[in-house]
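The values are calculated or read from the model by the stated rules, or taken from the named source; none is laboratory data. These figures come from a predicted structure and were not determined experimentally. Virtual Cβ from ideal backbone geometry, glycine too; neighbours counted across all protein chains shown. Surface accessibility is based on the protein's heavy atoms, side chains included, excluding ligands, DNA and RNA. Shrake-Rupley method; radii C 1.70, N 1.55, O 1.52, S 1.80 Å.
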Amino acid sequence: MEDNQSTAANKPIFRRLYERVFPTVADFFGMLAEQSANAAETTRLLVEFMETGDVAVSQKVRADEHQADRMKATNLGVLAEAFSTPIDREDIHRAIMTLDDIVNYCKSTVVEMDVLGLQPDKFSLEMALHLREGTDALARGFSRLASDPAASGVDAAAARKAERTVEKAYRRAIVELFQGDDYLNMFKRRETYRHMSNAGDRVADAANALDDIVVKLC
């Protein structure tokens, strides 16, 4: 009886020693795939909002941003505590941060449209559609990074292409916006357009992080 009790008492100590010598490697590929899928879902909601102007949908975008913040915090915590990583820590960190930034700018867009009393227009919808294309490409790329990194490189290129189309749409929007003399509307719209352009920039940043990982894996 005493021997059994002694064994039970010592088991956690042995387990801790084993884990210190042979630490478990976190599933960073899975973490990035989940986070990129969350960003893709947020931009899908952004498109829905730009199509409908439904306040309930904008509330879902805000809720997604809170979920994204929790996911980012968790992933950064796992990264900080990891004994080893399958890919460079810097690349993982950059991917975590840029994917979160995409969601942040989506939230900023809907929040400021609400505060400024703006309804969606054709340019905000066009930019949202291209953002969704970019995040869909990122979600595909990060989801198959562990199994087919070469294909992920193609997805990274598609995400960068989507960012370029966002920027082109942004420029067309600004050209049309700054016609006439309704200056108050100009500055309001310009702010929301800019948030979407910034989201596009972060799509490109996340694609570059994905590409850097691909280069090192292939």
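Candidate cross-link partners of K161 among the aspartates and glutamates, defined by an alpha-carbon separation under 16 Å and a same-chain spacing of 8 or more, comprise E126, E133, D136, D201, D205, D211.
When the chain is treated as a GNM with alpha-carbon contacts under 10 Å, the residue of E81, E163, E51 showing the greatest mean-square fluctuation is E81.
Model label sites at D148 and V55, defined 7 Å from Cα along the beta-carbon direction, differ in position by 4.5 nm. Entry note, the chain: relative contact order of 27 percent, from Cα contacts under 8 Å with a spacing of 6+ residues.
At a 1.4 Å probe radius, carbon and sulfur cover how many percent of the accessible area of the stretch 130-176? Spell out each step's value before the answer.
Numbers: 1160 of 2170 Å².
Looking at the stretch 130-176 in its full context, I get 53 percent from C and S.
Derived scalar couplings between HN and Hα for the stretch 37-44 equal 5, 5, 5, 5, 5, 5, 5, 5 Hz in order, rounded to whole Hz, by the Karplus curve 6.51 cos²θ - 1.76 cosθ + 1.60 (θ = phi - 60°), x for Gly and Pro. Under 25 Å Cα-Cα from K60, which lysines qualify once same-chain neighbours fewer than 8 residues away are excluded? Cα-Cα hits under 25 Å: K72, K107, K122, K188. Helix 55-81 and the longest principal axis of the C-alpha atoms of the chain enclose an angle of approximately 40°.
In the context of the full set of protein chains, the chain has a per residue accessible area of 52 Å² (1.4 Å probe).
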